[in-house]
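Asks: Have a look at this one.
The values are calculated or read from the model by the stated rules, or taken from the named source; none is laboratory data. Keep in mind the model is a prediction, meaning the values are calculated, not measured. Positions of Cβ are backbone-derived with ideal geometry, glycine not excepted, and every protein chain shown enters the neighbour counts. The accessibility values were calculated without ligands, DNA or RNA, using every heavy atom of the protein model including side chains. Shrake-Rupley method; radii C 1.70, N 1.55, O 1.52, S 1.80 Å.
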Amino acid sequence: LPHRVARIRASIQTKLLIGFLVIVGLLVTLGAIGLRSLQDADTRASELVRLERQIAAYRKLQHNATGQLYATASAFLAVDDRELAAAKRQLQRLAYDFDRAEFITNADERLLLEIADDYSRFIATATEIIEMLGAGQREEARRMHQDMLVPLASTLERNAYSLVNLAESSMVEQVDASADAFRVWQAVVIAAALGSAVLALILGYSLSSSVILPIQAIRRRLGEIAGGELEQRIEIDNRDELGDLARNVNKMSRNLHELYRELEEANRHKSTFLANMSHELRTPMNAIIGFNRLVMRRCKDVLPPKHLDNLGKIAVAADQLLTLINSILDLSKIEAGRMDVSLAEAPLGPMLTACVRTVEPLVHGAEVELETDIPPDLPSAY
């Protein structure tokens with residue numbers, strides 16, 4: 001995967017931006033899933049509250065049917081119109097409670113219509129009984145109460161109990177469904193969180209590896225170049241700034257290798273030239289030294305002392321020049337690794353005297369006087 005990411009033809013900034021956008025998308029998706037689970041939980045909680053209200057309304061109907069039955073029976077003991085008016089008001093409240101229960105219910109329509117019909121008959125019968133009591137027809141009212149109102153109250157109580165059972169059953173089912181939905185959403189949220197985390201880690205690893213690994217390879221290659229290893233190449237497949245950098249490093253390494261070869265070739269030609277030149281210069285210098293010594297031996301008794309001294313200076317300068325030529329040849333030996341170094345004693349007095357005799361002709365004829373003061377007990381150098 002890091003190799004595939006590296007092969008994408010885009011800049012590092014674009015790749016990082018896309019990676020961050022993907023991570024943001026994962027976070028948004030996880031948040032949306034969590035919000036959806038909360039909405040589902042809220043919907044189910046609202047449904048449970050509605051069912052609870054239904055159960056309360058049904059129990060209220062069941063309780064009111066029994067209460068109204070006893071209220072109607074108590075009306076037989078009423079002695080004034082005020083108690084009868086209170087019984088009528090209770091009937092009106094019974095009708096209000098039924099309307100409220102009918103508004104919040106979603107029970108079976110057939111059962112609800114049956115209960116509605118029974119409530120209408122119950123209220124009408126109870127109202128008629130109360131009116132009969134108000135008119136003094138107590139015996140007829142008692143028979144109507146016993147024959148019609150009591151059976152209607154039993155039927156209403158039984159049907160209301162059926163509604164309560166239905167609502168409670170629905171509530172139990174809703175509770176179970178809510179628990180199952182909670183487990184499902186919990187698994188979904190956990191899976192989404194783990195999936196998002198895994199995808200974010202994979203994406204982060206791929207992006208970081210596609211950047212860090214080429215940088216490490218380039219750093220190692222630059223260290224090899226600094227150590228003199230110029231023939232190797234670095235292979236990086238990135239199609240971004242790091243790929244361009246790797247190609248430039250390879251190009252630089254190739255150019256340095258070619259330049260190093262050219263320098264080696266130039267150095268070899270230089271060494272060859274110095275060796276040949278030193279050999280060519282030694283031949284005439286040996287001739288000059290030889291002929292100068294010959295003249296000094298043949299003309300020792302003929303030439304004036306001053307001329308003999310000049311010939312001695314020529315011999316000294318020629319020897320020094322031959323030493324320089326030999327040093328050039330020694331330089332070629334040093335570059336070839338065939339130079340042997342040995343420690344030897346060099347007296348300082350004669351060396352300084354030879355130096356003075358070499359530069360003395362340069363100041364001859366000028367208004368300069370060259371004086372030397374060389375102690376005879378100078379130590380030797382090594």
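So that you can scan it fast, the table gives a plain yes or no per residue for (1) of a type in the set (Gly, Ala, Ser); (2) at pLDDT 90 or above; (3) open to solvent by less than 80 Å² (accessible area, probe 1.4 Å):
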residue: Val5; (1), (2), (3): no, no, yes
residue: Ile12; (1), (2), (3): no, no, yes
residue: Gly19; (1), (2), (3): yes, no, yes
residue: Leu38; (1), (2), (3): no, no, no
residue: Ala41; (1), (2), (3): yes, no, yes
residue: Arg44; (1), (2), (3): no, no, yes
residue: Glu47; (1), (2), (3): no, no, yes
residue: Gln54; (1), (2), (3): no, no, yes
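Asks: Here is a further query. Pick from the stretch 204-225 the residues that are touching a residue at least 40 places away in the same chain (Cβ under 8 Å) and open to solvent by less than 40 Å² (accessible area, probe 1.4 Å): which of them is nearest to Leu16 (Cα to Cα)?
Replies: Taking the candidates together, the pick is Leu207.
A quick yes/no check of all residues on (1) charged (D, E, K, R); (2) under 14 Å from Arg357 (Cβ atoms); (3) within 60 Å of the chain's Cα centre (by Cα):
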residue: Leu281; (1), (2), (3): no, no, no
residue: Asn286; (1), (2), (3): no, no, no
residue: Gly290; (1), (2), (3): no, no, no
residue: Arg297; (1), (2), (3): yes, no, no
residue: Lys306; (1), (2), (3): yes, yes, no
residue: Gly312; (1), (2), (3): no, yes, no
residue: Ala317; (1), (2), (3): no, yes, no
residue: Ser327; (1), (2), (3): no, no, no
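Asks: Among all residue pairs at least 6 apart or on different chains, which show Cβ distances below 8 Å where the first residue, located in the stretch 348-361, is acidic (Asp, Glu) and the second is part of a helix (DSSP H, G or I)?
Replies: Glu360/Lys313
Asks: OK, next. Scan the stretch 204-212 and tell me whether some residue there is among the aromatic types (Phe, Trp, Tyr), under 36 Å from the mean Cα position of the chain (by Cα) and over 30 Å from Ile55 (Cα atoms).
Replies: Taking the stretch 204-212 and keeping what is among the aromatic types (Phe, Trp, Tyr), we get 205.
Applying the additional criterion that residues be under 36 Å from the mean Cα position of the chain (by Cα) yields 205.
Okay, now just the ones that are also over 30 Å from Ile55 (Cα atoms), so 205.
For the stretch 204-212, residues among the aromatic types (Phe, Trp, Tyr), under 36 Å from the mean Cα position of the chain (by Cα) and over 30 Å from Ile55 (Cα atoms): present.
Asks: Which pairs turn up if I take residues in the stretch 121-144 that are farther than 20 Å from Leu156 by Cβ and open to solvent by less than 60 Å² (accessible area, probe 1.4 Å) and look for partners that are of a type in the set (A, V, I, L, M) and assigned to a helix (DSSP H, G or I) with beta carbon separation below 6 Å, at least 6 apart in sequence or on another chain?
Replies: Met132/Ala141; Leu133/Ala75; Leu133/Ala141; Gly134/Leu84
Asks: Can you tell me which residue among Ser169, Ser196 is among the polar types (S, T, N, Q) and over 30 Å from Ile23 (Cβ atoms)? Show your work before the answer.
Replies: Values: Ser196 fails: over 30 Å from Ile23 (Cβ atoms).
Among Ser169, Ser196, only Ser169 is among the polar types (S, T, N, Q) and over 30 Å from Ile23 (Cβ atoms).
Asks: In this structure, does Ile234 turn out to be surrounded by 12 or more Cβ atoms within 10 Å (Cβ to Cβ) and either of a type in the set (Gly, Ala, Ser) or assigned to a helix (DSSP H, G or I) (or both)? Before the answer, list the steps.
Replies: Details: surrounded by 12 or more Cβ atoms within 10 Å (Cβ to Cβ): yes; either of a type in the set (Gly, Ala, Ser) or assigned to a helix (DSSP H, G or I) (or both): no.
The answer is no for Ile234.
Asks: Suppose the filter is at pLDDT 80 or above, in a helix (DSSP H, G or I) and either open to solvent by 70 Å² or more (accessible area, probe 1.4 Å) or not basic (Lys, Arg) (or both); does Glu262 pass it?
Replies: Numbers: at pLDDT 80 or above: yes; in a helix (DSSP H, G or I): yes; either open to solvent by 70 Å² or more (accessible area, probe 1.4 Å) or not basic (Lys, Arg) (or both): yes.
Spelling it out, Glu262 is indeed at pLDDT 80 or above, in a helix (DSSP H, G or I) and either open to solvent by 70 Å² or more (accessible area, probe 1.4 Å) or not basic (Lys, Arg) (or both).
Asks: What is the number of the single condition among (1) open to solvent by 70 Å² or more (accessible area, probe 1.4 Å); (2) assigned to a helix (DSSP H, G or I); (3) at pLDDT below 80 that Val341 does not meet?
Replies: Of (1) open to solvent by 70 Å² or more (accessible area, probe 1.4 Å); (2) assigned to a helix (DSSP H, G or I); (3) at pLDDT below 80, only one is false for Val341: (2).
Asks: Tell me whether the stretch 303-319 contains one or more residues that are under 30 Å from Thr272 (Cβ atoms), out of contact with any helix residue (DSSP H, G or I) (no Cβ under 6 Å at 6 or more places or on another chain) and at pLDDT 80 or above. Write out each step before concluding.
Replies: Step one: list which residues in the stretch 303-319 are under 30 Å from Thr272 (Cβ atoms), which gives 317-319.
Narrowing further to those that are out of contact with any helix residue (DSSP H, G or I) (no Cβ under 6 Å at 6 or more places or on another chain): 319.
Next, from what is left, pick out any that are at pLDDT 80 or above: 319.
Yes - at least one qualifying residue is present in the stretch 303-319.
Asks: When both residues are 6+ apart or on different chains and their Cβ atoms are under 7 Å apart, which pairs have a first residue that lies in the stretch 370-382 and is open to solvent by less than 100 Å² (accessible area, probe 1.4 Å), and a second that is aliphatic (A, V, I, L, M) and at pLDDT 80 or above?
Replies: Ile374/Leu352; Leu378/Leu348; Pro379/Leu348; Ser380/Leu348; Ala381/Leu348
Asks: For the stretch 182-191, state whether one or more residues are assigned to a loop (DSSP other than H, G, I, E, B) and open to solvent by 70 Å² or more (accessible area, probe 1.4 Å). Steps first, please.
Replies: As a first pass, look at the stretch 182-191 and keep what is assigned to a loop (DSSP other than H, G, I, E, B): none.
No, there is no match, as no residue in the stretch 182-191 is assigned to a loop (DSSP other than H, G, I, E, B) and open to solvent by 70 Å² or more (accessible area, probe 1.4 Å).
Asks: Still on this model: Looking only at the stretch 21-36, how many residues end up being over 19 Å from the mean Cα position of the chain (by Cα) and surrounded by fewer than 12 Cβ atoms within 10 Å (Cβ to Cβ)?
Replies: So the answer is 3.
Asks: Given (1) open to solvent by less than 20 Å² (accessible area, probe 1.4 Å); (2) touching a helix residue (DSSP H, G or I) at 6+ places or on another chain (Cβ under 7 Å), where does Asn250 come up short, assuming only one miss?
Replies: (2)
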